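Data block below; observations after.
The values are calculated or read from the model by the stated rules, or taken from the named source; none is laboratory data. Since this is a predicted model, take the numbers as computed values, not measurements. Here Cβ is always computed from backbone atoms with ideal geometry, including for glycine, and neighbour counts include all displayed protein chains.
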Amino acid sequence: MGLDNLISWMQNHIEVVVAILSAIVALTGAFISARETQKQRALQLENLRHNVDAQSLGWGNACIDVLNRAAMFARTRQHQSNDASFLQQRVNLLLAISSAVERGRLFFPNIDPASKGSEKEGAYRGSRPPILDSLMLAYYEIEALTRQGGPTADNSAEFIDDCRRLLVSELQAHLDPRRRDMVVDRYDDQRMDHRSEAIERANSLKTILKSRRPGIALGERKETVQ
């Protein structure tokens, strides 16, 4: 069919041509709309993940703070002025840890809820995840603390520190791995001279600390990163 014949045919069948063009436009619009909807859903999902990560990170930061306070309380328990002061601080810590556990259930539901506790409310069926166990173990340790006697202050504090380390490790594993990798990559891409300056500054602070606190052995501490 020549061009003249094609034009003539289109003129004689204008309704068909309009219908075909309309169908093409409609299909193109539907395709674009579907792609845009897909992008919007992906964006909404990413925003949801970001919000959950941000809220769980905020919760985790609060937990780290309370466990640090608990460890310091354990280390200094025998220096409390009297039993009333000791008991009041212990109660405050127990309340803070208990509240942290309950709020943590919003981010870390129990494991295998069908396995046990069918008579309980839904959020309490099954077994606590390790991240909440770390808080509860610290809770029990604080609850058992007395102003005098029992395990040494350092022994109790080190146990609570171990609980905190478990919590930090579990929280890190919980955060979106892809986003965490992006942050790590961004840190790794820092200019080497800037990183060298940061390392020198950290070493300088270590030297200052040793001069301020003679006899301190940083290498023997679990928290020291070599």
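So if I check each of ARG90, ARG77, ARG49, which one is of a type in the set (Lys, Arg) and at pLDDT below 80?
Matching residue, one of ARG90, ARG77, ARG49: ARG49.
So, in region 53-85, of the ones that are of a type in the set (Ser, Thr, Tyr) and surrounded by fewer than 17 Cβ atoms within 10 Å (Cβ to Cβ), which residue ends up nearest to LEU167 (Cα to Cα)?
THR76
Evaluate region 86-105: report whether one residue or more is part of a loop (DSSP other than H, G, I, E, B) and either within 17 Å of ARG164 (Cα to Cα) or of a type outside the set (Asp, Glu) (or both).
Yes, that holds for at least one residue.
Check off (1) touching a helix residue (DSSP H, G or I) at 6+ places or on another chain (Cβ under 9 Å); (2) at pLDDT 90 or above; (3) more than 12 Å from ALA70 (Cβ to Cβ) for ALA157 and give me the number that stays unchecked.
It is condition (3) that ALA157 fails.
Give me a count of the residues in region 113-126 that are within 22 Å of VAL52 (Cβ to Cβ), surrounded by fewer than 16 Cβ atoms within 10 Å (Cβ to Cβ) and in contact (Cβ under 8 Å) with a residue 12 or more places away in the chain.
Counting residues in region 113-126 that are within 22 Å of VAL52 (Cβ to Cβ), surrounded by fewer than 16 Cβ atoms within 10 Å (Cβ to Cβ) and in contact (Cβ under 8 Å) with a residue 12 or more places away in the chain gives 2.
Select from region 131-152 the residues that are outside any loop (DSSP other than H, G, I, E, B), small (Gly, Ala, Ser) and without any contact (Cβ under 8 Å) to a residue 24 or more places away in the chain and list them in ascending order.
ALA144
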